[in-house]
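S.K.: Could you have a look at this structure, given as structure tokens, before my questions?
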Amino acid sequence: MGYWFDGMGWWIMFGGLWMILFWGGLILLIVWAIKKIARIGESGPGAAGKSSPVDIARERYARGDISREEFEQIKRDLS
């Protein structure tokens, strides 16, 4: 009757490993989701690189940051 627990050491170790992998994966998933949600609210030139250089120049021209001549020069340089 004392032999019931023989060989259980490996199973207990694997169970602990699976528990660590499960909780570690869950934490990584939560961190990834929070970062993904935080990126949705970002805007501006550094936001995930969605704007091309011409689009950025177009926005600057629309705001009045650069003149028409500067905008045209930027377009020529980038094309």
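The values are calculated or read from the model by the stated rules, or taken from the named source; none is laboratory data. In this text the structure is predicted, and so the values were computed from the model without any measurement. When we count neighbours, we look across all protein chains shown, and the Cβ atoms used for this are built from the backbone with ideal geometry, even at glycine.
S.K.: Which residues, counting only those in segment 48-79, are among the hydroxyl-bearing types (Ser, Thr, Tyr) and surrounded by 14 or more Cβ atoms within 10 Å (Cβ to Cβ)? Steps first, answer last, please.
M.R.: First, pick out the residues of segment 48-79 that are among the hydroxyl-bearing types (Ser, Thr, Tyr): 51-52, 61, 67, 79.
Within segment 48-79, 51, 61 meet the criteria.
S.K.: Consider residue 18 against the criteria (1) at pLDDT 90 or above; (2) over 17 Å from the mean Cα position of the chain (by Cα): it satisfies all of them except one. Which criterion is unmet?
M.R.: Residue 18 satisfies every listed condition except (1).
S.K.: Search segment 57-69 for residues that are closer than 17 Å to residue 79 by Cβ and pair each with any residue that is surrounded by 11 or more Cβ atoms within 10 Å (Cβ to Cβ) and not β-branched (Val, Ile, Thr) when their beta-carbon atoms are under 6 Å apart and the residues are at least 6 apart or on different chains.
M.R.: Going by the 6 Å Cβ cut-off, the qualifying pairs are 57/71; 61/71; 66/60.
S.K.: Given the condition on the phi > 0 side of the Ramachandran plot, touching a helix residue (DSSP H, G or I) at 6+ places or on another chain (Cβ under 8 Å) and modelled with pLDDT under 90, answer yes or no: does some residue in segment 39-62 qualify?
M.R.: Of segment 39-62, the ones on the phi > 0 side of the Ramachandran plot are 44, 48-49.
From the residues that got through so far, the ones that are touching a helix residue (DSSP H, G or I) at 6+ places or on another chain (Cβ under 8 Å) too are 48.
Checking which are modelled with pLDDT under 90 leaves us with 48.
Scanning segment 39-62, I find at least one residue that is on the phi > 0 side of the Ramachandran plot, touching a helix residue (DSSP H, G or I) at 6+ places or on another chain (Cβ under 8 Å) and modelled with pLDDT under 90, so the answer is yes.
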